[in-house]
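Structure first, commentary second.
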Amino acid sequence: MRALIQRVTQATVHVDGGLVGACGQGLLVLVCAMDGDTEDAPAKLAAKVAKLRIFKDEAGKMNRSVVDIGGSALVVSQFTLAADTRSGNRPGFSAAAAPDTGERLYLAFADALRAQGVPVETGRFGADMQVGLVNDGPVTIWMDI
């Protein structure tokens, strides 16, 4: 699985003009299930995300996790993270998992992150979503499992 993790002060996701998910201080996690991902990938990724120390401690150093600060997460499916841009000008997405597998692993990731103690809201798999965020820092981390 692949994730793009952004430290945020707030994030929202809308579908057809309606709010479907939001979070305050915490993480916006864009997630892509990749072709060949195993059933244990969501739990592995969730454990790493929950423990990722990218929030400031009392000394101003990035030394605290989203769990440590009592933050929350907005998890949004994003198959375009699988983009292959090595040739031509149009990205290929064949490295992404098939939609049924992708949805199952995406939802499993959200559940696994909740199991780590992080309040989680989600987008809507396969929908045309509008994502808004205030990136804090900015801090953006790319993670592959």
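Would you check which residues across the stretch 52-84 are assigned to a loop (DSSP other than H, G, I, E, B), closer than 18 Å to Ala33 by Cα and hydrophobic (A, V, I, L, M, F, W, C) and list them?
The one that is assigned to a loop (DSSP other than H, G, I, E, B), closer than 18 Å to Ala33 by Cα and hydrophobic (A, V, I, L, M, F, W, C): Ala83.
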What pairs come up if the first residue lies in the stretch 83-109 and is on the phi < 0 side of the Ramachandran plot, the second is part of a helix (DSSP H, G or I) and aromatic (Phe, Trp, Tyr), and their beta carbons are under 7 Å apart, counting only those six or more places apart or on different chains? Phe93/Phe79; Ala96/Phe79; Gly102/Phe79
Can you name the residue in the stretch 124-145 that is of a type in the set (D, E, K, R) and in a strand (DSSP E or B) and, of all such residues, is farthest from Val15 (Cα to Cα)? Asp144
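For every residue, the table says whether it meets (1) over 26 Å from Val139 (Cα atoms); (2) surrounded by fewer than 17 Cβ atoms within 10 Å (Cβ to Cβ); (3) acidic (Asp, Glu); (4) under 12 Å from the mean Cα position of the chain (by Cα).
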residue: Leu52; (1), (2), (3), (4): no, no, no, no
residue: Gly60; (1), (2), (3), (4): no, yes, no, no
residue: Gly71; (1), (2), (3), (4): no, no, no, no
residue: Thr80; (1), (2), (3), (4): no, yes, no, no
residue: Ala83; (1), (2), (3), (4): no, yes, no, no
residue: Ser94; (1), (2), (3), (4): yes, yes, no, no
Would you confirm whether any residue within the stretch 4-27 is touching a strand residue (DSSP E or B) at 6+ places or on another chain (Cβ under 6 Å), modelled with pLDDT of 95 or more, under 20 Å from Asp100 (Cα atoms) and surrounded by 20 or more Cβ atoms within 10 Å (Cβ to Cβ)? no
For the stretch 98-116, state whether one or more residues are surrounded by fewer than 19 Cβ atoms within 10 Å (Cβ to Cβ), over 17 Å from the mean Cα position of the chain (by Cα) and among the hydroxyl-bearing types (Ser, Thr, Tyr). no
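The values are calculated or read from the model by the stated rules, or taken from the named source; none is laboratory data. What you see is a predicted model, and the numbers here were worked out from it, not measured in a lab. Don't worry about glycine lacking a Cβ; one is built from the backbone with ideal geometry, like all the others, and counts go over all protein chains shown.
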